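Read the structure below first, then the notes.
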Amino acid sequence: MKRLLASVVKEGLILINDKVGLLIMFLMPIFLVFVITIVQDSAFRLVNENRFDILVVNKDKGAIGDSLVKMLQNSGNFNVELAPTMSREKIGTETIKRDKLISLLIPSDFSQQIKNNSASVSNMMLSQFEVTEKIDPATFKSKRAEIELFYDPVLQESFRLSLNNSLNNLVNQLETSNMVSQLYIDMGYEDIPTDIRDQMMANQTQIVAAPASVGKASFVPNSTQHNVPAWSIFAMFFMVISLGGNLVKERLTGSFVRLQTIPQAFMLTIFSKIIVYLMVAMTQLFLLFLLGIFVFPLLGLPELEAPAHVLPVIVISLLSAFAAISYALLVGTYAKTQEQANGFGAVSIIIFAAIGGIWVPNFVMPDYMQTIGMISPLHWCLEGFYSLFLKNGSWSDLQGTIIYLILFTLSCQTLTYIKLKLQNYI
Amino acid sequence: MQEVLIDIKELSKVYKSSERPSLDSVSFSVLKGEKFGVFGPNGAGKTTLISILCNLLQASSGSVLYHINNQQLNAKSILKSIGFVPQDFAFYPELTPVQNLRYFGSLYEIPKQQLQDKIDFLLSKMGLESVKNKKVQSFSGGMKRRINLAIALINDPEILFLDEPTVGVDVQSKVAIFSILEELNHRGTTIIYTSHHLKEAEDFCDRIVLLDNGEIIAINDMQSLFTENNVQNLEELLIKLTGKTFRD
């Protein structure tokens, strides 16, 4: 026991002296989790809460273009700047000059196109209801109404699609309203009664979103709930730089050789490394969780909500830490130089993180990438933490994670043992 | 007549990557309390021999028996009784001399007070008292060699293996190191030594074995070998017996 304690103290002293390693293991994840959470939270607010600046060039000679502008102004999603006289050719450059993310050109025949389409549909319906004479449907030819959207190239695809959807929604409302109005006119009324028009607009289905959960309590998914577990896992696995490098260094200097000449000292050293880095990993997690719970709200970020059951969190944290340590030992044992251990270790963790869903969720990846991602230990750690932090999962939801992480850890430890045995260290 | 401490019989080592044996049926004895030198050109088998004696390598065939306290022990069983000074710096440069000595001493389960006394004694002996709390990475080559030696002595070894203990050190450190080694030897420690510094080896060793291509080409006390081969020094002896052809 005294020998083990001495080894643990030695490993601790070496770790404290490894300033770069400490920075990578503690400051880097804190910085990453702050930056990524703030960025994702800002993006979330940009789409859901902020107003987009939009330049509208309304050339429409009818009234529907004006209605669309009013709807844009009243939607609460846009700050509308009107430029009715601007030519089409200038819209692109003016969008950038005026610092707008998007510009909208409503063509001069926009009202006419919508009315023509409404008239076609109304005629078809009345013909099919046999209110008017039967007309061959092939004779109805309608041209789709068009509006043009100019956007700043810095606008990401996802934001642009979100804006497209918002605009589509508004145009659809206008089209439906016009269609019904036209139907009334064709049936001999003057226009659609105002109360019916208002009712139609009020009857739009509202979508109420609720996060799915396997347990009783449900967490509101937000950038904190996603990022704190994800980047904590990344930080744990990034200890490959410190632990892997440390192992190679000891192997390349004579320290390991001297340890071989002291009874049982070598295994004691490996065991003490596991203990020290296990403490490091748990400290990383604890620190990042504390930041999520206490510091994030002070910065206006969502608070990390801890799962109700602590034991599964501890088990998944320990298994993740063991997996990370075992991987670092494996890299440190097989690498021939410290540069090799650091380079391969860092790159492999970045790849594991990318395919494992740390940076972008797995579900947005193609099927084959999702399958490949399953080899990543970070993916399974993340699955475990997401089960607990987002879905309020129980032990049965963690089975896959637990089995994979145990198998991964055992495989790494076995390969490490084989290599050390071949090198005559044990 | 001196007692036999290490009995080496028909010792051979063939590495998987090599067709030629690095050690080929080597047999000799090391006597208790002697300063025994192992010499030869590069690739002769010196490091392989020392590695097997320190249990760092397993022999392909043959045996090594240590006679300690009227017991016959193999290399694995005598680890607590040996000290090893490898050519590389075998310590933790991020730690201080005290931290290094305390760590390695604890691995031998030396009682706390006894370990502290031993650390103080070794640091004083090696002239490292004034820097005992400074990180070893800031030390000169000579200081690092002395701490490398001090760690090997923390367990009061009966047998001390030295592989190039004075590489890259100044004359003051060299003199200090040999003075300590002589003192140890007078107190009964058997020293097995290998080096390319033939002059210092000549001054230090009682008896030597010369290896070439994994085989013993000569073994005797220094003066007898010089007389038998009609040479003046160890360098001449090596050239005479192993030739001038490069070995690596």
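The values are calculated or read from the model by the stated rules, or taken from the named source; none is laboratory data. Keep in mind that what you see is a predicted model, and the values were worked out from it rather than measured. Note: ideal-geometry Cβ built from the backbone for every residue, glycine included; neighbour counts use all protein chains shown.
Some notes on this structure:
- Of A:ILE314, A:ILE349, A:ILE403, all but one fail to be touching a residue at least 12 places away in the same chain (Cβ under 8 Å) and β-branched (Val, Ile, Thr); the exception is A:ILE349.
- Subset of region B:74-106 that is within 19 Å of the chain's Cα centre (by Cα) and without any contact (Cβ under 8 Å) to a residue 40 or more places away in the chain - its residue that is nearest to A:PRO263 (Cα to Cα): B:LEU79
- Criterion: in contact with a strand residue (DSSP E or B) (Cβ under 8 Å, 6 or more places away or on another chain) and either modelled with pLDDT of 85 or more or away from chain B (no Cβ under 13 Å) (or both) - qualifying residue of A:THR269, A:THR261: A:THR261
- For region A:19-33, a tally of residues being touching a residue at least 60 places away in the same chain (Cβ under 8 Å) and not aliphatic (A, V, I, L, M) returns 3.
- Within region B:133-163, being in contact with an Asp or Glu (Cβ under 9 Å, 6 or more places away or on another chain) and away from every other protein chain (no Cβ under 12 Å) holds for B:SER140, B:GLY141, B:GLY142.
- Residues that are under 15 Å from A:GLY21 (Cα atoms) and buried (at least 24 other Cβ atoms within 10 Å of the Cβ), drawn from region A:330-353: A:GLY332, A:ALA341, A:GLY345
- When residues in region B:110-145 are screened for being among the charged types (D, E, K, R), within 23 Å of the chain's Cα centre (by Cα) and within 26 Å of A:LEU268 (Cβ to Cβ), 2 of them pass.
- Count of residues meeting criterion [at pLDDT below 85 and in contact with a strand residue (DSSP E or B) (Cβ under 6 Å, 6 or more places away or on another chain)] in region A:101-128: 1
- No other residue among A:LYS134, A:LYS61 is basic (Lys, Arg), within 24 Å of A:GLU175 (Cβ to Cβ) and not in a helix (DSSP H, G or I) apart from A:LYS61.
- Looking across region A:250-267, not a single residue is under 16 Å from B:ASN155 (Cβ atoms) and within 43 Å of the chain's Cα centre (by Cα).
- Identification of strands (runs of 3 or more DSSP E) wholly contained in region B:139-225 with 2 or more residues that are under 25 Å from A:GLN260 (Cα atoms) yields B:159-163, B:190-194.
- Within region A:370-422, restricting attention to residues that are closer than 13 Å to A:VAL313 by Cα and of a type in the set (Ser, Thr, Tyr), the residue that is surrounded by the fewest Cβ atoms within 10 Å (Cβ to Cβ) is A:SER394.
- Listed by position, the helices (runs of 4 or more DSSP H) contained in region B:20-129 that have at least 2 residues being more than 14 Å from every other protein chain (Cβ to nearest Cβ) and at pLDDT below 90 form an empty set.
- Of all residues in region A:305-360, those satisfying the criterion of being of a type in the set (Phe, Trp, Tyr) and assigned to a helix (DSSP H, G or I) are A:PHE322, A:TYR327, A:TYR334, A:PHE344, A:PHE352.
- Selection within region B:133-142 - at pLDDT 90 or above and buried (at least 18 other Cβ atoms within 10 Å of the Cβ): B:VAL136, B:PHE139
- Candidates A:PHE31, A:PHE52, A:PHE44: the one that is at pLDDT 85 or above, within 27 Å of A:VAL360 (Cα to Cα) and aromatic (Phe, Trp, Tyr) is A:PHE31.
- Pick from region A:100-118, criterion under 12 Å from A:LYS61 (Cβ atoms) and not aliphatic (A, V, I, L, M), ranking: surrounded by the fewest Cβ atoms within 10 Å (Cβ to Cβ): A:SER108
- Among (1) closer than 30 Å to A:GLY254 by Cα; (2) small (Gly, Ala, Ser); (3) surrounded by fewer than 21 Cβ atoms within 10 Å (Cβ to Cβ), the one test that A:SER326 misses: (3)
- Residues of region A:361-407 satisfying the condition of being under 29 Å from A:GLU303 (Cβ atoms) and not in a helix (DSSP H, G or I): A:PRO361, A:SER376, A:LEU390, A:LYS391, A:ASN392, A:GLY393, A:SER394
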